[in-house]
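Down below is the structure, laid out as structure tokens.
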Amino acid sequence: MVLDPVTVSELDLALVHALQVRPRASWSDLAPLLGATAVTLARRWERLTEEGLAWVSAVPGPAFAHGGCTAFVFLRCAPAARERLAARVAELPEAVTVELLAPGRADLMLDVLASDLGTVHRFVDEELAALPDVLDVECVFATSLYAEGSRWRLGSLDASQLSVLGRPRAGDATGTPLADLSALDRALLDTLVRDGRTRLTELAGLTGTSAATARRRLHRLTTGGVVAFRCDVAPAVSGLPVSVTFRGHAPAHDVNRLHRTLATLTECRLLAAVTGAANVLATYWLRDIGAVQQRETAACAHLPALHITERVLGTRTVKRMGHLLDGAG
């Protein structure tokens with residue numbers, strides 16, 4: 001189903017941007033900032049989530065960058081098998097994001113999160129490569145992540161509103177070792193992955209504990225950097241239906257400039273230094289196909305030493321950070 005973008009109001013856009021900054025903020029805290037009552041905000045958010053236009057979910061926190069492993073996998077298959085393979089791969093928990101690509105060197109692009117390199121290798125070699133429709137597999141590992149989905153902003157709030165909203169509190173980069181997570185911690189995380197705005201009273205009921213305990217455990221997980229929250233949106237809300245991933249090469253001494261150059265471009269959704277001959281991977285959300293060349297030109301102007309080697313156009317996102325999506329995203 002294609003949703004009419006005019007059904008998304010300015011208040012909806014401002015609400016989504018506010019939740020991108022503070023995903024679990026209370027409606028009463030946001031009401032003065034957005035010039036609406038808490039009841040109105042709750043009603044607008046309920047409508048957005050029911051229609052699949054926006055959602056908040058728990059994602060790995062800052063500690064994951066120190067102990068976990070992020071990889072990008074490109075799969076090639078027979079043309080007739082694309083949809084079937086995408087649906088099959090989307091069932092695998094390690095593939096947190098699955099995107100169908102325009103025909104080219106690869107047919108699917110996956111974002112893979114795992115605890116270590118060995119787990120990624122086993123997943124790629126023993127699970128993905130063994131699928132009957134897979135003809136070829138390429139896997140590159142992120143060595144530095146300069147921009148990703150939880151840091152991307154809609155741009156609907158002005159500077160004064162953002163100042164009032166404040167910066168989200170960062171977690172401790174050291175985090176809590178995975179082995180230290182209790183059964184209750186894991187139950188809380190499972191619930192928050194599905195709905196990151198689940199209230200403490202609901203969390204308590206769903207996990208069989210008290211609201212006070214749920215609050216204390218969640219505080220430990222967030223301040224320890226184990227978990228973070230992000231607000232995702234459908235193209236009808238972002239107004240950016242075209243996804244393009246540039247793969248390119250930059251000299252090693254220029255790679256650390258990526259966060260000061262390419263990541264500052266407003267449409268930048270993902271930016272990583274990766275292993276392999278093409279050591280830069282950048283995903284942009286754009287308004288139309290004509291903007292692809294414009295964005296490439298701008299990226300190369302910001303970083304003249306960058307040589308773009310491949311332009312990968314996404315045709316449909318099947319799964320994003322663990323959430324299955326329909327044809328409208």
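Couple of notes before you dig in:
- Angstrom value of the Kirkwood radius, inverse mean 1/r, which spans all Cα pairs in region 75-141: 12.0 Å
- Based on C-alpha pairs under 8 angstrom that are at least 6 apart in sequence, region 267-329 has a relative contact order of 18 percent.
- Probe 1.4 Å, all protein chains present, accessible-area order of Ile308, Ile289, largest first: Ile289, Ile308
- Angle between the chain longest axis and helix 291-302 axis [Cα atoms, degrees, rounded to 10]: 90 degrees
- Over the C-alpha trace of the chain, radius of gyration and Dmax come out as 19.9, 56 angstrom.
- Dmax and Rg, reported as Rg then Dmax, of region 83-231 (C-alpha, Å): 18.9, 54
- 0 to 90° range, to nearest 10: angle between helix 10-21 axis and the chain longest Cα axis: 80 degrees
- Leading residue at positive end of dipole, the chain (Cβ point charges), from Gln293, Leu189, Ala36: Ala36
- Ala159-Ser210 pseudo-label distance in nm [points 7 Å out on the Cα-to-Cβ vector]: 4.7 nm
- Rg to Rh quotient for region 190-248, alpha carbon positions, Kirkwood Rh: 1.18
- Sites Asp288 and Glu46, calculated FRET efficiency, Cβ-Cβ separation with R0 30 Å, nearest 0.05: 0.45
- Seen against the Cα atoms of the chain and their longest principal axis, helix 211-223 is set at about 40 degrees.
- Note on region 1-152: Rg/Rh from Cα positions, Kirkwood definition for Rh, rounded to two decimals, is 1.07.
- Cα centroid separation, region 8-68 to region 259-282: 26 Å.
- Looking at the chain, the accessible area is 47 square angstrom per residue; that uses a 1.4 Å probe and ignores ligands, DNA and RNA.
- Inter-probe distance in nm under a simple model that places probes 7 Å from Cα toward Cβ, at Asp254 and Glu83: 4.2 nm
The values are calculated or read from the model by the stated rules, or taken from the named source; none is laboratory data. In this text the structure is predicted, and so the values were computed from the model without any measurement. For neighbour counting, all protein chains shown are included, and Cβ atoms are generated from backbone atoms with ideal geometry for every residue, glycine included. Ligands, DNA and RNA are excluded from the accessible area calculation, which covers all protein heavy atoms including side chains. Shrake-Rupley method; radii C 1.70, N 1.55, O 1.52, S 1.80 Å.
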